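The structure appears below as structure tokens.
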Amino acid sequence: MFCINYCTSRCTKTNINLPVCLFVPEPITKILGSPELFINMGSTINLTCIVQYAPEPPPNIVWSQNSEVINFDSPRGGISLVTEKGFITTSRLLIQKAGQSDSGLYTCTPSNANTASVRVHILNGKYSLRFLFLLKFAHIDKV
């Protein structure tokens, strides 16, 4: 919070000063959804990064997987990015036909705000439902 004295009137014999406080929020970066995502192999990974309260839209948003910048021109193909800049900036990373190599920690890094991350797990077909079932009960036991 930033506070100053502000002169409200110069039309009277005495100046009237009032304190004025200005709240400037810190920029917030978040990836929508859970901090851990479970995606079936062959499905599309859809990650949405939101940047709000930045003084201006971020000039650049870099996506990385396991600390490696994502290459949209890689031979793998099927990776696209859509970014909409504004008061709230949205960056959507789409990865089609997810495979095991697409598992890992994905990080959204705006050039003028903090980073946000999500861990993506790729599930292999017939074991997917059993894994999620066991994970659910493992979570309940910890509560």
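So the values come out like this:
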read-out: Answer from L94, L81, L105, L47 - the residue that is at pLDDT 95 or above, hydrophobic (A, V, I, L, M, F, W, C) and within 12 Å of the chain's Cα centre (by Cα); value: L47
read-out: Number of the exception - L47 against (1) within 26 Å of F23 (Cβ to Cβ); (2) in contact with a strand residue (DSSP E or B) (Cβ under 8 Å, 6 or more places away or on another chain); value: (1)
read-out: Single residue of S117, S80, S43 found to be hydroxyl-bearing (S, T, Y), part of a loop (DSSP other than H, G, I, E, B) and at negative phi; value: S43
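The values are calculated or read from the model by the stated rules, or taken from the named source; none is laboratory data. Quick caveat: nothing in here was measured; it's all calculated off a predicted structure. Neighbour counts run over all protein chains shown; Cβ positions are idealised from the backbone, glycine included.
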